[in-house]
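Q: Before I ask anything, let me first share the structure, which is written out below as structure tokens.
The values are calculated or read from the model by the stated rules, or taken from the named source; none is laboratory data. Quick caveat, the model's predicted, so the values are computed rather than measured. With ideal geometry, Cβ positions are generated from the backbone for all residues, glycine too; neighbour counts draw on all protein chains shown.
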Amino acid sequence: MKKANDKTAAESVTIKTEVVCPNDTNPMGILQGGRLVEWMDIAAAVCAQTHADRICVTASINEVAFKAAAYSGDIITIRATITRAFNSSMEILVEAHARKVLKAKKYLISKAYFTFVALDKKGKVTKVISMKPVTASEKEEYEGALIRRETAAARKLSTKPVLA
């Protein structure tokens, strides 16, 4: 049951569109991964801020996968949606698709999970609005977010610092 202060994922879905220009590519005309991640981060930030009604900052970028290349002149569509809100953080799923200008068929070029934290007016981490999954895919992502969070926490505990 949705509580009065819950929000749904649909309320903060963010779509960002870019055209791959020559300065976004490597010498072979292929979109640079760093530029794509930058665009994805912006879309994720807008999604997080829309959900939280607060300024939000990137805490981590998790599970970035580059599936296919995009080229100079391609149109990139980035979709960001919240998968789960925790206490002060949110997980945002970001998918990027490319298409040629003269072709209608889009194809997935990247997918990543971003974690954002909300800040209060003094720049301190603050509580976020809870999120209520509605659709079957939202419920699946919602449950997956907890697993990804627990896996990341376990990885941090098992990682030993490298001494120089």
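Q: Among the residues of region 5-36, write down those that are surrounded by fewer than 19 Cβ atoms within 10 Å (Cβ to Cβ), under 13 Å from the mean Cα position of the chain (by Cα) and not charged (D, E, K, R).
A: Once the filter is applied, which keeps residues that are surrounded by fewer than 19 Cβ atoms within 10 Å (Cβ to Cβ), under 13 Å from the mean Cα position of the chain (by Cα) and not charged (D, E, K, R), region 5-36 yields Val13, Ile15.
Q: May I pose another question? Just to be sure I understand the filter: pairs with C-beta atoms under 7 Å, separated by 6 or more residues or on different chains, first member in region 28-49 and assigned to a strand (DSSP E or B), second member buried (at least 18 other Cβ atoms within 10 Å of the Cβ). Which pairs pass?
A: Taking only residues 6 or more apart or on different chains, the pairs are Leu31/Val20; Leu31/Asp24; Leu31/Thr25; Leu31/Ala70.
Q: Return yes when Thr50 is closer than 23 Å to Glu140 by Cβ and in contact with a Leu (Cβ under 8 Å, 6 or more places away or on another chain) and no when it is not.
A: no
Q: I've got another one for you. Filter region 123-145 down to residues that are among the hydroxyl-bearing types (Ser, Thr, Tyr) and part of a helix (DSSP H, G or I) and give me whichever is surrounded by the fewest Cβ atoms within 10 Å (Cβ to Cβ).
A: Ser137
Q: Still on this model: Hey, among the residues in region 1-27 that are among the charged types (D, E, K, R) and free of Cβ contacts under 8 Å to residues at least 60 places away in the same chain, which one's farthest from Tyr71 (Cα to Cα)?
A: The extreme case among them is Glu11.
Q: Confirm whether Val101 is part of a strand (DSSP E or B) and either more than 12 Å from the chain's Cα centre (by Cα) or touching a residue at least 40 places away in the same chain (Cβ under 8 Å) (or both).
A: no
Q: Something else now. Quick one: is Thr77 under 10 Å from the mean Cα position of the chain (by Cα), modelled with pLDDT of 95 or more and part of a strand (DSSP E or B)?
A: no
Q: Output yes when any residue across region 132-155 is over 17 Å from Ser12 (Cα atoms), among the basic types (Lys, Arg) and without any contact (Cβ under 8 Å) to a residue 40 or more places away in the chain, and no when none is.
A: Taking every residue of region 132-155 in turn, at least one turns out to be over 17 Å from Ser12 (Cα atoms), among the basic types (Lys, Arg) and without any contact (Cβ under 8 Å) to a residue 40 or more places away in the chain.
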